[in-house]
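The values are calculated or read from the model by the stated rules, or taken from the named source; none is laboratory data. Source: prediction; values computed, not measured. Reconstructed Cβ throughout: ideal geometry from the backbone, glycine too, with neighbour counts over all protein chains shown. With ligands, DNA and RNA removed, areas are computed over all heavy atoms of the protein, side chains included. Shrake-Rupley method; radii C 1.70, N 1.55, O 1.52, S 1.80 Å.
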Amino acid sequence: MTRLLVALVLALALTRPGSGQDAPASTHWYRGNLHAHTINSDGDSPPYDVMAWYKRNGYQFLAITDHNTFTDPAPLDTNPADAFLLLGGEEVTNRMTVHVNAIGISRVIAAQSGSTRTELLQASIDAVRAQGGVPLINHPNFGWAFTATEMLPLKRAALLEIASGHPLVNHQGDGKVPSTERMWDQLLSAGLRVFAVAVDDVHNLREEFTNERPNPGRGWVVARAAALTRDRILAALDGGDFYASTGVTLKDIQVAADSLTLDIDPGTSPGSPPHFRAFFIGQDGRALTVSDDNPARYRFVGNEGYVRARVEDSNGLKAWTQPVFVKVNRDR
């Protein structure tokens, strides 16, 4: 008799108490931005001012990622009781518009060498990993720099930027070059384990906030960890225990042996509250089902390859969960 076995290989499995898995009861959700610039490269504000904006606006962690410039957290993040974590960071910026953020590093990484975009990406990833950091591949469609083809050979990649507050990075593609979310599905379907992030790529805090300027507060990640420490946050990012968002908040993500469940925070908007729809997506970007329920639940069949979700609200804001890898084992 054939038995369906769902193998959940999501690193750190996105689990919570009551999901059928044993997740620590003391884990919490922490909101952070992984892409930010200051006057030390091409931003308009000092590092302390950038950090202060995020502290004031409901974030718990931040990586300042200036181009080929390391920002040391020690002189800036000096209050251990403020429930805020500044991670060492840098945007390793190479020729051919190959940019990789180094999250959680402790010293500067030089621009890397390579004759192809794949070589430059891999060299940057290796340099980040050598310091115990988490590499984030930035905006593939900025300058139409590279696609999934150049990323498929990569080893030890961790994160891929699929949404950004920067107005010039072309995340939606152009109809010929795919969107970066579509690239993510191409990588996952080919067996590359990489997790998706949304970021600000903030450059401008001064003057008026407009859609034409890369201002803060437009894209972030929310990581689940037992404590707000460098090691715990990096582990959550590297293991995919987080979701990405441009405005939708998830109260919880539960992975059980037979299902993926999303508990969506409806918010407190008076008068005309938003409605939510969850799209469950499988291998090759295949649409599995759509749910208007809250919580939204997908029950595994076994032929999905992986299951991820994108939650959209009626104002166009989104959240993305990380893939749960599913396979069928035939046990006779």
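Tabulated data
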{"read-out": "Candidate set: the range 278-300, residues that are among the aliphatic types (A, V, I, L, M) and within 23 Å of residue 194 (Cα to Cα); chosen: the one surrounded by the most Cβ atoms within 10 Å (Cβ to Cβ)", "value": "278"}
{"read-out": "Hey, residue 82 assigned to a loop (DSSP other than H, G, I, E, B), open to solvent by 20 Å² or more (accessible area, probe 1.4 Å) and in contact (Cβ under 8 Å) with a residue 60 or more places away in the chain or not", "value": "no"}
{"read-out": "All strands (runs of 3 or more DSSP E) inside the range 276-316 with 2 or more residues being under 20 Å from the mean Cα position of the chain (by Cα)", "value": "276-281, 306-313"}
{"read-out": "Looking only at the range 220-241, and only at residues there that are in contact with a Gly (Cβ under 9 Å, 6 or more places away or on another chain) and open to solvent by less than 40 Å² (accessible area, probe 1.4 Å), the one that is farthest from residue 296 (Cα to Cα)", "value": "234"}
{"read-out": "Lone unmet requirement of (1) farther than 20 Å from residue 141 by Cα; (2) surrounded by fewer than 24 Cβ atoms within 10 Å (Cβ to Cβ) for residue 114", "value": "(1)"}
{"read-out": "Test: residue 74 is modelled with pLDDT of 95 or more, more than 30 Å from residue 298 (Cβ to Cβ) and surrounded by 19 or more Cβ atoms within 10 Å (Cβ to Cβ)", "value": "no"}
{"read-out": "Counted residues, the range 163-172 - those being touching a Lys or Arg at 6+ places or on another chain (Cβ under 9 Å) and within 19 Å of residue 121 (Cβ to Cβ)", "value": "1"}
{"read-out": "Subset tally (residues that are over 14 Å from the mean Cα position of the chain (by Cα) and in a loop (DSSP other than H, G, I, E, B)) for the range 144-170", "value": "13"}
{"read-out": "Residue check for residue 244: surrounded by fewer than 23 Cβ atoms within 10 Å (Cβ to Cβ), in contact with a Ser or Thr (Cβ under 9 Å, 6 or more places away or on another chain) and of a type in the set (A, V, I, L, M, F, W, C)", "value": "no"}
{"read-out": "Test: residue in the range 105-117 that is among the aliphatic types (A, V, I, L, M), under 19 Å from the mean Cα position of the chain (by Cα) and not in a loop (DSSP other than H, G, I, E, B)", "value": "no"}
{"read-out": "Some residue of the range 126-135 being of a type in the set (Val, Ile, Thr), under 18 Å from residue 237 (Cβ atoms) and touching a Ser or Thr at 6+ places or on another chain (Cβ under 8 Å)", "value": "no"}
{"read-out": "Hey, residue 131 under 12 Å from residue 93 (Cα atoms), open to solvent by 10 Å² or more (accessible area, probe 1.4 Å) and more than 17 Å from the chain's Cα centre (by Cα) or not", "value": "no"}
